[in-house]
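The values are calculated or read from the model by the stated rules, or taken from the named source; none is laboratory data. As the structure is a computational prediction, the values presented were derived from the model and not from experiment. Counting neighbours? That spans all protein chains shown, and the Cβs are built from the backbone with ideal geometry, glycine included.
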Amino acid sequence: MGDVLTLATDRTWAMPKRPWVMSQRWHSLLFAHWPIAVEEIAALLPPGLVVDGFSGTGWVGIVPFAMDRIRFRGLGSVPGARRFAELNLRTYVREERTGTPGVFFFSLDAANPAAVMAARLWFHLPYYWAKMHVEERPNGWVHYESARLLSQKPVNFRATYRGMGPQTAGRSARDTIEYFLTERYCLFTHDYAGRLLQGNIHHAPWPLEAAEAEIEVNDLPQAHGIRLPDIPPVLHFAREQRVYIWKLEPVLALA
């Protein structure tokens, strides 16, 4: 479980032939990432996944953003879910047999309780209900606050951040840290029976910008057994992205 698979084994992502089941629009995203020793991340992964490394190390990311225009295919928009905030704690992995790269979430906090319940039930993702506030200020700064509800210990996050203008033109080169951290087209999770599941996602290349941020409070990593190094994070910003999501399927059925 502690092995590292690198970008050298990357494969071209192919859109599934089946229709997508959900679409969303994401706004005002901050990508804040820290390098973490491979063995520390590996100890937190379920069977079937290995750490995906860059420059000899694993990476953990915290991504605050807001979403809207949530639609289920054939059903239209979701009542009560016009716009709400989400905050995720994640790392980067590969399925150990095929080497398929993807994202593994340690937690996802969201301000909409119905969305939290639905995501836990239908997508088997570790969502938590949180009181959240996002303020997009006229000077370009985004002020973001999250406080997890129904939690035995406080799990809070507070940051102010902004984009600093386009960093790349179009898609980042495959050998860059920007590509490694953001161009991910599937997620992995596991169901109540312990089966490894894969969900494909699709979006245009990320319109990344350089970013600056002041992270004032960050309880998420510690709440999930992760100790961040005492160094500044690698920061990126994206203003908007449209995302399409496919139904989760057992990994063995996709082989």
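Does any residue of the stretch 215-235 turn out to be small (Gly, Ala, Ser) and in a strand (DSSP E or B)?
Scanning the stretch 215-235 turns up no residue that is small (Gly, Ala, Ser) and in a strand (DSSP E or B).
Taking into account only those residues within the stretch 97-131 that are closer than 17 Å to residue 186 by Cβ and among the β-branched types (Val, Ile, Thr), which is surrounded by the fewest Cβ atoms within 10 Å (Cβ to Cβ)?
The extreme case among them is 98.
Residue 128 versus (1) in contact with an Asp or Glu (Cβ under 7 Å, 6 or more places away or on another chain); (2) within 21 Å of residue 54 (Cβ to Cβ): which is the lone unmet condition?
Against the list (1) in contact with an Asp or Glu (Cβ under 7 Å, 6 or more places away or on another chain); (2) within 21 Å of residue 54 (Cβ to Cβ), residue 128 comes up short only on (2).
Filter the strands (runs of 3 or more DSSP E) completely within the stretch 101-195 down to those with at least 1 residues that are closer than 16 Å to residue 66 by Cβ.
Output list reads 101-110, 127-136, 142-148, 156-166.
Being touching a residue at least 24 places away in the same chain (Cβ under 8 Å) and under 20 Å from residue 35 (Cβ atoms) narrows it down to one of 201, 245, 177, so name that one.
177
The rows are residues; the columns are (1) at pLDDT 95 or above; (2) under 18 Å from the mean Cα position of the chain (by Cα).
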site	(1), (2)
160	yes, no
167	no, no
174	no, no
180	yes, yes
192	no, no
210	no, no
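If you go through the stretch 109-132 one residue at a time, how many are under 17 Å from residue 201 (Cα atoms) and touching a helix residue (DSSP H, G or I) at 6+ places or on another chain (Cβ under 7 Å)?
Total meeting the criteria: 1.
Considering only residues that are in contact with an Asp or Glu (Cβ under 9 Å, 6 or more places away or on another chain), charged (D, E, K, R) and farther than 24 Å from residue 218 by Cβ, which ones fall in the stretch 89-125?
Matches in the stretch 89-125: 94, 96.
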